[in-house]
Structure formats: C-alpha cells, structure tokens
Amino acid sequence: MNLGLPASLLGSALIGFLVIWCVLGPTRVWQCFLLTGSLALGLGLGLSSALFFVWLCLFGAPSAAFPVAELALVLLLLGIALYARKVRHRRPAPVSEAQTIEIAKHPMLYLTLWLSVGCGAMAFLLWSATGPHGEWDAWMTWNMHARAIFRGGDHWRDVLTGLPEWSHPDYPLLVPASVARMWTYMGGETALAPVSVGMLFTIATVGILYASLSILRSRTQGAVAALLLLGTLSFIRFGASRYADVPLSFFFLATLVLFCLHEAWPAAGTCPLLLAGLTAGLSAWTKNEGLLFLLALTAGRGWVVVRAQGWRAWLGEARTFAMGLAPILLMIVYFKARLAPPNDLMSDQGFRETAARLLDVTRYLEVLRSFHKALFQFGDNGLVGLGWLLFTYFICLGLTGKASASRGAKTAAIAVCLMMAGYAAVLLIAPAPRLATNLRSVERILLHLWPATIFAYCLLVRTPEETTDPSQRMSHA
Amino acid sequence: MRRMGFNDMVRMRIGVGLIILFALVSNMRLLGRAVHDLAALTQPDEITEYEARFKQLKQVLPPHARVGYVTDARRQDGESRSRPFMRYLLTQYALLPVIVLRDSHQPLIVGNFYSANGIDGETTRGLTLIRDLGNGVMLFRASPE
C-alpha cells in the first residue's frame with residue numbers, strides 16, 4: 001500500500017493545525033476542536049499547496065525532496081507552537097455566551113443530522129466511483145493543470161502556460177497544486193488525490209458551519225445550518241465532481257466565521273483576523289472570484305466597523321488582516337504577472353466594448369432571468385426550494401435580538417450581497433461567447449456563497465432555544 | 001415579561017420539523033441520484049478508456065513536444081455538436097505533458113479517428129502516416145511542401 005497519500009493528508013492537516021495553534025493558542029484549539037479541526041483541514045490544504053507552488057518556483061520541479069522539506073516545516077511549526085505555549089500567559093479562554101445557553105433537546109434533529117452525514121458521505125463516494133476523474137470542468141481545468149505541473153517536471157511552467165485557452169491556464173493553482181503535491185508524495189498519479197481534496201473541503205465546510213454556529217449561537221442552530229447545507233443537493237454533487245466551487249465556498253465561509261469569532265472572543269485579540277487574512281487570500285488562490293471577495297469583504301467589513309466603532313478600529317482590524325493576507329497575495333501577484341495569460345473574461349474589455357455591453361438592455365434581462373431562475377430553483381429537492389424553506393423558517397422563529405450576532409451577520413450579509421452584485425456585473429460585461437456559458441453556471445456561482453449565506457441567516461434568526469425559553473426572549477421581548 | 005406562549009412552541013416545532021422533512025427528502029433524493037448514476041455507468045469510464053487508447057502513442061511522442069491534431073471532418077450520426085471538441089479535450093488530457101494544438105501546422109500531428117479503416121482523406125491531405133497505433137489513433141508527419 002502506498003503511504004504517500006495518507007502522509008500528504010496528515011502533513012497538510014498538521015500544517016493547518018499548527019498554524020492555528022500558534023495563532024490562537026492551545027487552550028482555544030482544544031476547547032473548540034471541531035471548529036479548529038475543520039479549519040485546519042482546509043487551511044492546511046491551502047497552505048501546503050502554496051508551499052508546493054513556492055517550491056516549484058524555487059527548485060523547478062516536483063521532487064521526492066519536497067515531502068522532506070515539508071516535514072522539516074512541520075517540525076519547525078511544532079517547535080514554535082511548543083515554545084509559544086511555554087511563554088504564553090495562561091489565560092483561561094472565556095466560555096462563550098452560547099455555551100451557557102441550555103441546549104434544548106431535539107433528538108429528531110440530531111438523528112436527521114447523522115443520517116444526512118451518512119447519506120452525504122455515501123452519495124459522495126458513489127459519485128466518486130462513477131467518475132474517477134470528476135466532471136467536465138474538473139478534469140478539463142483542475143486535473144489538467146495538476147497533470148501539467150506533475151508530468152511537466154522541470155518544464156512545468158512551459159506545459160502549464162502552453163495549455164490552450166479553453167483550459168484557463170490563468171486560473172489560480174490551489175486545487176491543482178494540492179493534487180500535484182499529493183502525487184509527488186505518492187510518486188505517481190491516482191484519482192484518489194483529487195477525490196481526497198474534494199472530500200476534505202466538503203467535510204470541512206460542513207464542520208466549520210456546524211461548529212462556528214454552535215459556538216456563536218447554539219448547537220441546535222449549528223445542526224439546523226448543517227442540515228440546510230447537507231440538504232442542498234448541488235453541494236454534495238459539486239463537491240464530488242471535484243470542481244473548485246466547494247473549496248472556494250469553504251474559504252469564503254471560514255473568513256466570515258473568523259471575523260465573527262474575533263468579536264465573540266475578545267481575549268483572543270486580533271489573532272482570528274490574522275487567520276481571516278490567510279483564508280481570504282487562499283480564496284483568491286482557489287479561483288479568481290476570490291479577488292472579488294477581497295473587495296466585497298473589505299467594503300462590507302469597513303461599512304460595519306466604521307459605523308459602529310469608527311475609522312481607527314477598522315484600520316486596526318485591516319492591519320492584522322493584511323498581515324495574514326500579504327504572503328498569499330504576493331504569491332498570487334507573482335503567478336498572475338509571471339505565469340498566467342490574460343483572463344478570457346477580462347482581456348476583451350476595452351472602453352468601447354465594455355460600454356456597449358453595459359448599454360445593452362437585453363444583457364440585463366438575460367442576467368436577471370438566470371439569477372431569478374437559479375435563486376428559485378436552488379436546492380429544490382422536488383418538495384420545496386431552499387428560498388421558500390428559509391422564508392417559512394424565518395416566519396416561524398423570527399429575528400434574534402443579539403447585537404453581536406447581528407454585527408457578524410451584517411458583515412457576512414453585506415459581503416454576500418456585494419459578491420452577488422459583483423458576479424452580475426462580471427456577467428454583464430462578459431464577451432458574448434462567455435456570457436452564454438457563464439449564464440448556464442449561475443447555480444455554481446450561488447453555491448460559492450451558499451454556506452456563507454446559511455451562516456449569516458442562522459446568525460440572524462432566533463435559535464429554537466431563544467424561541468421557547470422566556471429568559472432568552474426577554475432581551476428582545 | 002411575556003410568558004412562553006403556546007404559539008411560540010408550535011411555530012418553533014413547525015420550523016424545525018420543516019427543516020427535518022426537507023433534509024430527509026433531500027437525502028433520499030441525493031442517494032437515489034447517486035445510485036442511479038452508478039447503475040448507468042458504462043465500464044470503464046470514457047476518460048480511462050481514452051488513456052488506454054493513447055497509452056502507446058504517449059510512449060512514442062517526445063515529452064514536452066507540441067503536436068497538431070486531426071480528426072474526422074464529419075460527426076457521426078447522432079453525435080452532439082460538442083462531441084468533437086470533447087474528443088480533442090480527452091486527447092489533450094491523455095497526452096499531457098505533450099501539448100496538443102487543434103491544427104495541422106506542427107511537424108508531428110496526432111490523428112484521432114473513429115475507425116482505423118476510415119481515415120478521413122480530407123483532413124489528412126498533405127500528411128504522411130508514420131505510425132498506426134490501432135483503434136483510430138495515428139501519428140502523422142507534415143509533408144514538406
């Protein structure tokens with residue numbers, strides 16, 4: 001049995017875990033293990049793919065020495081973590097407000113959650129067996145790039161940049177570099193590598209959604225959110241298809257969760273923002289849409305913080321966030337400047353062409369029609385669409401009165417709305433051949449934002465405990 | 001202070017019940033689709049089949065080469081319009097790190113035909129056959145003008 005795959009997975013998870021340990025400290029890591037574990041899975045894959053890319057740029061080819069270098073890094077991080085533990089003042093992490101709330105008993109909810117996890121896992125495995133190379137976009141873009149890197153050897157740059165335009169060689173490399181890194185560990189190609197990447201990101205997205213809401217609101221609310229996500233057919237489907245949409249949605253969600261935790265854990269200082277900078281940067285390393293997310297997040301967070309606490313507070317936050325973001329952003333700038341050809345959506349954007357597209361009313365109608373259709377059909381399981389379900393659930397439970405939940409939700413809600421507007425704008429100015437293709441994939445665009453939308457929604461809606469516990473209701477009654 | 005109302009409890013139960021019902025229906029449908037897709041699978045999948053088809057050619061081609069690509073000019077009966085492009089993509093995917101360009105202006109040209117016996121004379125005009133690797137896979141050289 002080739003131990004390369006488990007070794008590479010363990011290596012990336014350890015990198016993620018140790019980075020979180022170094023930033024947040026051991027107490028919080030162990031206290032919120034599901035949250036930090038889920039975050040470590042995604043963060044670790046992202047950081048190890050970045051490391052692999054840096055290795056390729058410095059040393060020229062994927063080689064057997066890379067795992068040794070990564071092991072050295074893990075040992076270094078472990079040393080830093082142990083040293084930090086020694087010198088860190090042992091401040092007991094404050095128990096979050098949500099943990100003091102008595103958890104209402106909803107055995108059916110938890111039973112359904114476990115059933116959903118089981119069904120989701122089974123469906124994922126069946127689909128992975130059905131298409132070992134993933135679906136169209138997965139093998140045409142992401143697997144193709146992974147092969148270009150791995151098979152290219154010393155010539156990986158020439159092979160990657162030599163790929164025809166339809167393979168989008170300008171797309172960022174988080175997923176391909178992760179897969180090529182695993183193949184480097186194994187010394188050969190296997191479909192298990194892209195399957196593992198897809199599966200880990202799918203699991204981590206559900207895990208971080210459940211765990212973060214369990215901390216910020218209540219466990220029942222976390223279970224409701226997880227059920228909504230696992231019940232979204234396209235989430236498991238696209239995860240198993242090995243598209244980069246689920247990894248992207250993971251990084252969007254993780255960034256927004258870390259901003260909320262920054263508010264919920266005042267004792268942690270600005271540490272969660274450092275991690276938020278990393279995850280936001282890794283979203284841009286996953287897909288070009290991540291760059292739009294950086295703009296939307298900066299605007300959304302700026303609006304919320306400046307209105308509530310003033311410019312100074314926002315600048316303080318922005319500084320720490322930028323420290324986490326900077327290394328990943330520098331790497332993306334290098335990739336875009338030195339390796340990536342111009343993006344096909346953006347290359348044909350002269351003033352005259354763009355103005356003509358913006359003045360074309362039929363384009364607005366086409367974009368509106370596709371968004372309208374996708375929004376109403378999104379998550380439709382034959383019984384009900386998710387839009388109607390969320391609306392009815394909101395009518396039943398109502399809005400929470402918790403100020404902290406509202407602030408975190410505001411940031412997430414504004415970022416999601418700005419992203420939607422940004423996506424629509426990109427579609428409006430897309431060259432004609434690309435417009436038709438992109439309009440067909442609006443469902444995937446919505447999926448990028450779906451876990452973050454559920455997160456914001458569950459922060460805003462009252463928990464079942466708040467609805468039935470009079471003491472919980474007093475604050476807003 | 002308001003006392004907990006009967007209505008609040010009922011509304012909460014309806015809300016949570018809807019979520020549970022939604023999740024159960026979705027999960028049944030999810031599993032159903034996955035099982036259906038697996039049952040409809042032809043063995044082996046098309047990409048694996050292509051990899052096997054091009055295995056020999058891959059060994060013949062110089063690594064990191066750029067080659068041209070020719071295929072049947074006409075689509076087969078009942079074939080979708082996107083199918084020829086898909087066949088080209090699969091060829092590129094199978095032959096990496098060799099770059100396959102969709103033209104015949106390279107010194108070496110890969111032929112991907114439906115049948116070895118039915119080479120399309122129109123698309124291979126001016127090309128010299130170097131190797132016939134069977135199964136419709138061929139390697140041509142551009143003839144000097």
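Bear in mind that the values in this text are calculations on the coordinates, not laboratory data. These numbers were taken from a predicted model, which means no experiment stands behind them. Neighbour counts are summed over all protein chains in view; Cβ atoms, including those assigned to glycine, are modelled from backbone coordinates with ideal geometry.
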In nanometres, the difference between 0.36 nm per residue of separation and the alpha-carbon distance of residue A:391 and residue A:34 is 125.6 nm
Expressed in nanometres to one decimal, the distance between label points 7 Å along Cα→Cβ at residue B:75 and residue A:72 is 5.5
Listed by chain and number, the lysines with an alpha carbon less than 28 angstrom from that of residue A:402, same-chain partners under 8 positions apart left out, are A:105, A:410
With the charge dipole of the range B:24-71 built from beta-carbon charges (+1 for Lys and Arg, -1 for Asp and Glu) about the Cα centre, the Cα from B:65, B:48, B:27 projecting farthest to the positive end belongs to B:65
The whole-number value in µm²/s of the Stokes-Einstein translational diffusion coefficient for the range B:1-43, with Rh from the Kirkwood sum over alpha carbon pairs at 10 °C and 1.306 mPa s, is 120
On the formula 1/(1 + (r/R0)^6), with r taken between the Cβ atoms of residue A:364 and residue A:54 and R0 of 60 Å, the FRET efficiency rounded to 0.05 is 0.90
For the pair residue A:339 and residue B:39, the simple spin-label estimate (label points 7 Å beyond Cα toward Cβ) gives in nm 4.4
Fewest-first ordering of A:458, A:22 by Cβ atoms within 10 Å yields A:22, A:458
In this structure, the FRET efficiency calculated for residue A:440 and residue A:87 from their beta-carbon separation, with R0 = 35 Å, to the nearest 0.05, is 0.05
Pseudo-spin-label distance residue A:7 to residue A:354, built 7 Å along Cα→Cβ, given in nm, is 4.9
Here the FRET efficiency for residue A:399 versus residue B:21, based on Cβ atoms and R0 = 25 Å and rounded to 0.05, is 0.60
Any helix of chain B counts here only if DSSP assigns it H throughout, its Cα atoms span 27 Å or more along the axis, and its mean Kyte-Doolittle hydropathy is at least 0.5, and such helices are B:6-39
Note to self, chain A gives a 222 nm [θ] from helices alone (DSSP H runs n ≥ 4, -39500 (n - 2.57) apiece, / all residues, nearest 500) of -25000 deg cm²/dmol
Dividing the mean separation of Cα pairs under 8 Å (6+ apart) by the residue count of the range B:19-145 yields a relative contact order in percent of 25
Of B:113, B:22, B:54, the most mobile residue in a GNM of chain B (C-alpha springs, cutoff 10 Å) is B:22
